[in-house]
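K.L.:
Following this message is one structure expressed as structure tokens.
Read-outs: derived from the displayed coordinates by stated rules, not from any lab. Treat the numbers as computed from the prediction; the structure is a model and nothing was measured. FYI the Cβ positions are ideal-geometry reconstructions off the backbone, even for glycines, and counts take in every protein chain you see.
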Amino acid sequence: MEITKKAYAKINLGLDVLGKRDDGYHLVKMIMQNVDIFDTLTFRDTEDGSITLSANDENIPVDDSNLICKVARQLKEAYGVTKGAQIELVKRIPVAAGMAGGSTDGAAAYKALNELWNLGLSDEELCKLAVKLGADIPYCIVGGTALSEGIGEVLTPIDSRADYHLVVAKPDIMVSTGWVYTELDSTEISRHPDIDAVKRALEEGDVQGMCDNIHNVLEPVTTAKYDVIKDIEKILEENGAVKAFMTGSGPTVFAVFDDEKKAGVGFDAVKKSGLAWQLFLTKPIDPGRV
């Protein structure tokens, strides 16, 4: 049997940090949004019980340190699965980019292996398992537009009516999420986003209102070290973007456009600048409705 899944990237339409738990996890309030940039994973069941992973990018680890393999081994152990899986990953989502590339691959593994091994688990049951391996994975299982709270695992779907286009640009740098949060802990957050206002704007289809209220408290930390993030944002805003922001812990920038042609102009301007190592013209997406 063979199953193929698309694993969609995400951006943060605002990210706030409200505190920190005793176990080191940060308490967040943010809005997660899938975008039409995806990895492709193909799963085949095997009788020998082994888990093997191959990838089209030699920089992707294919041993047990990869989240995909961790998911497979967790499910095998939890449910006494004797079968194995041969997994192929075609990577397109930028790595270490603040776009949940690893988490969304893990989510795809949960969904595919649930089918491949006939486990019959609901999304809710998968999410309870997933949060043990990563706080972003439950969202990636559910997908779409969602308010994310707690450490990221408390999810409330949002009925987004906002129609907009996106340019996503990743400069040729890698940012450690751990480093960004450590730096954040040593400073005082001077501005918090109004996540509730972003949610209302999405529900009302108000793209300008959405952009007026988006803010990412991690952005000042990352941009203080990497000027290129602000440079890319400036180019996008000078070339038709309603507004440009950093997603997650960075360094990826996304810009919101109210018109597809304007987005094309912004895309071309960033491409001409040479500042983005990976560049996408895309849209928000709800994988459950594709």
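K.L.:
Quick check on the chain: helices-only [θ] at 222 nm, where DSSP H runs of length 4 and up contribute -39,500 (n - 2.57) each and the sum goes over total residues. Nearest 500, please. Please report the intermediate quantities before stating the final value.
P.N.:
Details: 10 runs with 102 residues, N = 290.
Result for the chain, helices only: -10500 deg cm²/dmol.
K.L.:
If we count other beta carbons within 10 Å of each Cβ, what is the order of Tyr79, Tyr139, fewest first?
P.N.:
Tyr79, Tyr139
K.L.:
What list do you get for Arg161, Arg92, Arg191 if you sort them by fewest beta carbons within 10 Å?
P.N.:
Fewest to most other Cβ atoms nearby, the residues stand as Arg191, Arg161, Arg92.
K.L.:
Calculate the translational D of segment 165-289 in whole µm² s⁻¹ from Stokes-Einstein, where the hydrodynamic radius comes from the Kirkwood formula applied to all Cα pairs, the temperature is 37 °C and the viscosity 0.692 mPa s. Write down the numbers at each step before the final one.
P.N.:
Numbers: Rh = 15.1 Å.
The estimated diffusion coefficient comes to 217 µm²/s.
K.L.:
Please work out the Kirkwood hydrodynamic radius for the chain, using every pair of different C-alpha atoms, and report it in angstroms with one decimal place.
P.N.:
Its Kirkwood hydrodynamic radius stands at 19.4 Å.
K.L.:
Label Leu27 and Trp179 with points 7 Å out from Cα along Cα→Cβ: what is the distance between them in nm?
P.N.:
Once both label points are built, they end up 2.9 nm from each other.
K.L.:
Rank Asn216, Leu75, His192 by how far each Cα sits towards the positive end of the charge dipole of the chain (+1 on Lys, Arg Cβ; -1 on Asp, Glu Cβ) and give me just the farthest.
P.N.:
Leu75
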